[in-house]
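The block underneath contains the structure these notes are about, expressed in structure tokens.
The values are calculated or read from the model by the stated rules, or taken from the named source; none is laboratory data. Quick caveat: nothing in here was measured; it's all calculated off a predicted structure. Cβ sites come from the backbone with ideal geometry, for glycine too, and all protein chains shown count toward neighbours. With ligands, DNA and RNA removed, areas are computed over all heavy atoms of the protein, side chains included. Shrake-Rupley method; radii C 1.70, N 1.55, O 1.52, S 1.80 Å.
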Amino acid sequence: MNGIMSYNVASEAYKQAENLGLAEVTNPHEIIQKLFNELIKSMSLFEESLKEKTHSETRSSSFARSLTIIYSLQSSLDFEKGGEISTNLFRIYEYSRQQLISDLKNAKAEGVTNAIHIIKEIAGAWDQIADEVKK
């Protein structure tokens, strides 16, 4: 998996999006783990705001934050080195983005629930890779 995600691109996109304490993170795997964790958190807050049927600042901010993180993840993909894996990840991120937009328009948590599940699976796989890299 080394080389699939460009550390510099992910780091820069993420820092531009919002600073969540990444200044002290120097390991590329940790940056991606942090992105996944924040994406799951933001998408879950968005999902909950839709289920509560109240338009709130939380809905708007979690929606915007989710899209920004998805963009950061998409921007960090290295299609030359990552090949099919990068293409598939891009499609999953794009699916997640589309589900967020659709659910916002419909004011119903439908697609985002599925997208969260998929992102959690990818995050779990990324955690396993990080654990193996540490060994």
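Inside segment 84-113, residues that are more than 21 Å from Leu35 (Cβ to Cβ), modelled with pLDDT under 95 and of a type in the set (Gly, Ala, Ser) make up a count of 2. The numbered conditions (1) assigned to a loop (DSSP other than H, G, I, E, B); (2) at pLDDT 95 or above are all true for Asn19 except (2). Note on segment 119-135: residues that are open to solvent by 50 Å² or more (accessible area, probe 1.4 Å) and either under 14 Å from Leu35 (Cα atoms) or without any contact (Cβ under 8 Å) to a residue 60 or more places away in the chain (or both) amount to 8. Do the conditions hold for Ile69, that is, is it in contact with a helix residue (DSSP H, G or I) (Cβ under 8 Å, 6 or more places away or on another chain), assigned to a helix (DSSP H, G or I) and buried (at least 18 other Cβ atoms within 10 Å of the Cβ)? Criteria met by Ile69. Do we find that Ser49 is in contact (Cβ under 8 Å) with a residue 40 or more places away in the chain, crowded, with 17+ Cβ neighbours inside 10 Å, out of contact with any Phe, Trp or Tyr (no Cβ under 7 Å at 6 or more places or on another chain) and hydroxyl-bearing (Ser, Thr, Tyr) in this structure? So Ser49 does not fit the description; no. Screening Ala109, Ala64, Ala123 for residues that are touching a helix residue (DSSP H, G or I) at 6+ places or on another chain (Cβ under 6 Å) and either under 19 Å from Pro28 (Cβ atoms) or in a helix (DSSP H, G or I) (or both) leaves exactly one candidate, Ala123. Of all the criteria given as (1) of a type in the set (Asp, Glu); (2) in contact (Cβ under 8 Å) with a residue 40 or more places away in the chain; (3) more than 15 Å from Ser44 (Cα to Cα), the one not satisfied by Asp103 is (3).
Of all the residues in segment 31-46, those that are among the charged types (D, E, K, R), modelled with pLDDT of 95 or more and either under 9 Å from the mean Cα position of the chain (by Cα) or buried (at least 17 other Cβ atoms within 10 Å of the Cβ) (or both) number 1.
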